[in-house]
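The values are calculated or read from the model by the stated rules, or taken from the named source; none is laboratory data. Because the structure is a prediction, the values reported are computed rather than measured. When we count neighbours, we look across all protein chains shown, and the Cβ atoms used for this are built from the backbone with ideal geometry, even at glycine. We work out accessible area using only protein heavy atoms, side chains counted, and drop any ligands, DNA or RNA first. Shrake-Rupley method; radii C 1.70, N 1.55, O 1.52, S 1.80 Å.
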Amino acid sequence: MTQDNAYHYQVIRRAIDEIDRAEEPLSLETLAARMNMSPAHFQRVFTAWAGVSPKRYQQYLALDHARTLLRDRFTTLKTSGAVGLSGPGRLHDLFLTWEAMSPGIYASGGAGLTIRWGLFDSPFGPAIVMATERGICGLGFTAETGEAATRDDLMSRWPKARFLEDAGALRPLATAALGGGGGEVPLALIGAPFQIKVWEALLTIPSGQVTTYSEIARAIGHPTAVRAVGTAVGRNPVSWLIPCHRALRKSGGLGGYHWGLPVKRALLAREAAEAELAPAPGSA
């Protein structure tokens, strides 16, 4: 992880604010001036983070982009029974493995568990990572909600667990998860059985694609439980790795995002850019 990674996101975050406030697309020169940068420097910083030009990225951040994603990149969830996934569309070529903790551990509020945590840089601003001895159990972004609120939110999910701040011990795991070159990332999912089913379904959505809350409800065998699915999506404790940002409203709206809609839009926009830049299957 580098400080540049966090710095680039802060530039992107400010640019997103400017794009949102604008009534029409902004030129490179206008955006650069509002970032207090030269156009050439702004273009380099922006492209280093997003992989595409500011002009192209504005198209991904357009308010109707969610509808475009649903039209062009909608995926039907065939099954929620995956036990992990690996593919070229993952942001960092991660190989995720997961296991669900027993329902009793969730019901007991995490009693008997030791959970270590630390604050780390990520491509989307600072992130708090939490892990048991089995793997990452919590990941939340702080750019919109703040460090203390994000930490307290995650800790409140398992109020009887023992929490230790130990960034040093977590660093290899956090680096693999947040963009340090990939590798296997184990997840320890702690939730109610219904939540686990929803999170399991989210793991099957490929990077660069999206689905709807109603599609997830059908995939887990509860087609009328759309509202409950939305709640479970919002309670996903492992942001980004379990890609709840890829769940949209059937109407084409973004829906909510626990760590702030600007982060969700940046996640979706970056994945769309990476999908566009990826070589076609079978190409050399």
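With respect to (1) within 20 Å of the chain's Cα centre (by Cα); (2) at pLDDT 65 or above; (3) open to solvent by 80 Å² or more (accessible area, probe 1.4 Å), the lone exception for Met1 is condition (2). Within the stretch 122-138, can one find any residue that is open to solvent by 40 Å² or more (accessible area, probe 1.4 Å), within 25 Å of Tyr7 (Cα to Cα) and part of a strand (DSSP E or B)? No: zero hits.
Of the helices (runs of 4 or more DSSP H) contained entirely in the stretch 212-284, those carrying at least 1 residues that are touching a Pro at 6+ places or on another chain (Cβ under 6 Å) and open to solvent by less than 30 Å² (accessible area, probe 1.4 Å) fall at 213-219.
Candidates are the residues of the stretch 139-181 that are of a type in the set (Phe, Trp, Tyr) and in a strand (DSSP E or B); the one that is farthest from Ser122 (Cα to Cα) is Phe163. Mind counting the residues in the stretch 164-196 that are touching a helix residue (DSSP H, G or I) at 6+ places or on another chain (Cβ under 8 Å), open to solvent by 40 Å² or more (accessible area, probe 1.4 Å) and closer than 19 Å to Gly110 by Cα? Total meeting the criteria: 2. For the stretch 20-44, a tally of residues being at pLDDT below 85, assigned to a helix (DSSP H, G or I) and either under 25 Å from Leu178 (Cβ atoms) or of a type in the set (Asp, Glu) (or both) returns 1.
I'm told Ile205 meets every condition in (1) over 22 Å from Gly109 (Cβ atoms); (2) open to solvent by 20 Å² or more (accessible area, probe 1.4 Å); (3) touching a residue at least 24 places away in the same chain (Cβ under 8 Å) except one. Can you identify the failing condition by its number? Just one mismatch for Ile205, condition (2). Checking each residue in the stretch 182-199 for being within 15 Å of the chain's Cα centre (by Cα) and part of a helix (DSSP H, G or I) picks out only Trp199.
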